[in-house]
Amino acid sequence: MNQSKYLLLGLILLVLGCDKSGNDGISVSGKVENPIKGELVVLNQFEFTGLKPVDTIEVDPSGAFEFYVKPAEATFYRLNFYNRQQMNLVLDGTEEDVVIMLEGNNPGGEVSVTGSKHTKYVQQLEGMMRDQQADVKELNQQAIEARMADDQQTLARLTEEYFALMKLRQKELKSFIWKITPSLAAYYGLESLPVEEHFSFYDSVAQKFSAELPGNMFTEELTKKVSALRKLAIGAEAPEISLPNPDGEVVTLSSLRGKYVLVDFWAAWCKPCRAENPNVVRLYQQYSDENFEILGVSLDRNKAAWVGAIEQDGLPWVHVSDLKYFNSVAAAEYQITSIPATYLIGPDGKIIAKGLRGASLEAKLREIFG
């Protein structure tokens with residue numbers, strides 16, 4: 001009698017333990033419109049070291065699939081269908097059943113999701129990004145045609161249209177990101193905004209994450225990133241540069257105070273830098289009489305190569321280098337990990353723009369000097 005009682009109790013506990021709302025976690029299920037027999041679907045979890053496989057299944061011949069997920073905290077997942085179609089999910093553990101409908105074999109195929117508001121936010125963000133890419137692609141095509149026809153007037157108009165479009169799209173994106181913060185989808189959306197141009201917004205979002213989603217690894221990563229960039233943010237005092245010129249005389253950035261100064265990190269061995277030099281020379285010749293100077297900071301190792309490149313490219317501005325490659329004191333101070341890289345410093349010694357080159361540099365100088 002007692003043994004029967006214990007057996008019955010054990011069976012009840014076993015059934016309760018298999019309830020999908022319990023130990024099995026969140027159900028992520030759905031239907032693949034175009035299932036491929038024998039091909040696998042992989043559920044990955046995002047980690048800062050890369051994607052970590054969580055589970056792998058074969059889709060049912062009918063196209064049905066189901067995973068169970070147990071997020072320890074709000075985090076990102078990625079479903080990979082046959083290495084053909086992928087989709088990103090954000091789950092925080094409050095979901096019960098997430099249902100996904102998709103084609104499965106089309107990289108750009110439609111995806112429908114219910115049961116995860118954070119994943120819906122991600123989809124909305126991806127839609128905004130696709131719209132922006134389509135607009136930019138159209139402008140680029142028009143610019144190619146204008147360049148081939150040597151139509152400078154049209155090129156200038158398209159450049160202005162491009163910057164106006166980016167300003168509008170980024171304003172819309174920031175508004176949506178702020179609305180959904182601290183959803184991790186907001187963290188995902190920030191990746192589409194250049195941190196150099198939108199540091200104050202990054203800072204505000206990071207503070208909101210810290211207040212409303214403390215301890216989460218993405219909150220900590222965002223806070224760390226913002227803290228590291230704070231001293232190089234737009235509006236911050238530009239760190240001092242004090243390096244020798246080709247004649248061995250030490251030149252400082254502060255000695256150029258009172259002028260607009262483009263700090264240009266480059267090197268003789270850097271092909272993109274050398275390709276950009278003719279454009280920079282043209283702009284320097286146009287604005288050097290209007291309180292504009294350039295401080296070229298070379299990340300070369302060899303003095304002969306450095307000086308030779310200055311002469312070959314006809315670079316008439318101020319040049320300095322400690323010939324220490326990316327170990328340069330200035331490169332470390334300005335967190336330079338790739339070149340070309342630029343900082344535009346105002347007459348008051350504060351950073352007013354970063355990452356300017358090509359059309360963006362020309363547009364900014366035109367904005368300043370008219």
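So which strands (runs of 3 or more DSSP E) stay within region 181-285 end to end and still have 3 or more residues that are open to solvent by less than 30 Å² (accessible area, probe 1.4 Å) and touching a residue at least 24 places away in the same chain (Cβ under 8 Å)? Don't jump to the end; show me each part of the working.
On the way: elements: 242-244, 250-252, 260-266.
Answer list for region 181-285: 260-266.
Of the set (1) open to solvent by 20 Å² or more (accessible area, probe 1.4 Å); (2) part of a helix (DSSP H, G or I); (3) in contact with a Leu (Cβ under 9 Å, 6 or more places away or on another chain), all apply to residue 306 but (1).
When region 99-131 is filtered for residues that are β-branched (Val, Ile, Thr) and closer than 13 Å to residue 31 by Cβ, the ones remaining, listed by number, are 99, 100, 111, 113, 114. Check region 352-361 and report whether any residue there is among the β-branched types (Val, Ile, Thr), open to solvent by 50 Å² or more (accessible area, probe 1.4 Å) and either touching a residue at least 12 places away in the same chain (Cβ under 8 Å) or in contact with an Asp or Glu (Cβ under 6 Å, 6 or more places away or on another chain) (or both). Yes: region 352-361 contains one or more residues that are among the β-branched types (Val, Ile, Thr), open to solvent by 50 Å² or more (accessible area, probe 1.4 Å) and either touching a residue at least 12 places away in the same chain (Cβ under 8 Å) or in contact with an Asp or Glu (Cβ under 6 Å, 6 or more places away or on another chain) (or both). Quick one: would you say residue 86 is open to solvent by 60 Å² or more (accessible area, probe 1.4 Å), closer than 16 Å to residue 43 by Cα and not basic (Lys, Arg)? Spelling it out, residue 86 is indeed open to solvent by 60 Å² or more (accessible area, probe 1.4 Å), closer than 16 Å to residue 43 by Cα and not basic (Lys, Arg).
For every residue, the table says whether it meets (1) over 28 Å from residue 357 (Cα atoms); (2) surrounded by fewer than 16 Cβ atoms within 10 Å (Cβ to Cβ); (3) modelled with pLDDT under 95; (4) charged (D, E, K, R).
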site	(1), (2), (3), (4)
82	yes, no, yes, no
105	yes, no, yes, no
108	yes, yes, yes, no
141	no, yes, yes, no
152	no, yes, yes, no
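Pairing each residue of region 50-73 that is over 16 Å from residue 99 (Cβ atoms) with any residue that is surrounded by fewer than 12 Cβ atoms within 10 Å (Cβ to Cβ) and of a type in the set (S, T, N, Q), provided the two are 6+ apart or on different chains, yields C-beta distances under 9 Å for 70/23. For region 317-336, filtered to residues that are more than 24 Å from the chain's Cα centre (by Cα) and aromatic (Phe, Trp, Tyr), the residue that is surrounded by the most Cβ atoms within 10 Å (Cβ to Cβ) is 317. When you look at residue 339, is it open to solvent by 20 Å² or more (accessible area, probe 1.4 Å), of a type outside the set (Phe, Trp, Tyr) and at pLDDT 95 or above, yes or no? Yes. Residue under question is residue 365, and the condition is that it be assigned to a helix (DSSP H, G or I), crowded, with 16+ Cβ neighbours inside 10 Å and either touching a Pro at 6+ places or on another chain (Cβ under 8 Å) or not acidic (Asp, Glu) (or both); does it hold? So residue 365 passes the test.
If the condition is being loosely packed, with under 12 Cβ neighbours inside 10 Å and either under 19 Å from residue 107 (Cβ atoms) or not β-branched (Val, Ile, Thr) (or both), then region 30-56 contributes 37, 38, 47, 48, 50, 52, 53.
The residue pairs whose first member lies in region 143-160 and is in contact (Cβ under 8 Å) with a residue 40 or more places away in the chain and under 17 Å from residue 360 (Cβ atoms), whose second member is open to solvent by less than 60 Å² (accessible area, probe 1.4 Å) and part of a loop (DSSP other than H, G, I, E, B), and whose beta carbons are closer than 7 Å, counting only pairs six or more residues apart or on different chains, do not exist in this structure.
Of all residues in region 299-313, those satisfying the criterion of being free of Cβ contacts under 8 Å to residues at least 40 places away in the same chain and farther than 17 Å from residue 263 by Cα are 301, 302, 304, 305, 311, 312, 313.
The values are calculated or read from the model by the stated rules, or taken from the named source; none is laboratory data. Because the structure is predicted, anything quoted here is derived from the model rather than measured. Cβ coordinates were reconstructed from backbone atoms using ideal geometry, including for glycine residues, and neighbour counts include every protein chain displayed. Side chains included, ligands, DNA and RNA excluded: accessible areas come from the protein's heavy atoms. Shrake-Rupley method; radii C 1.70, N 1.55, O 1.52, S 1.80 Å.
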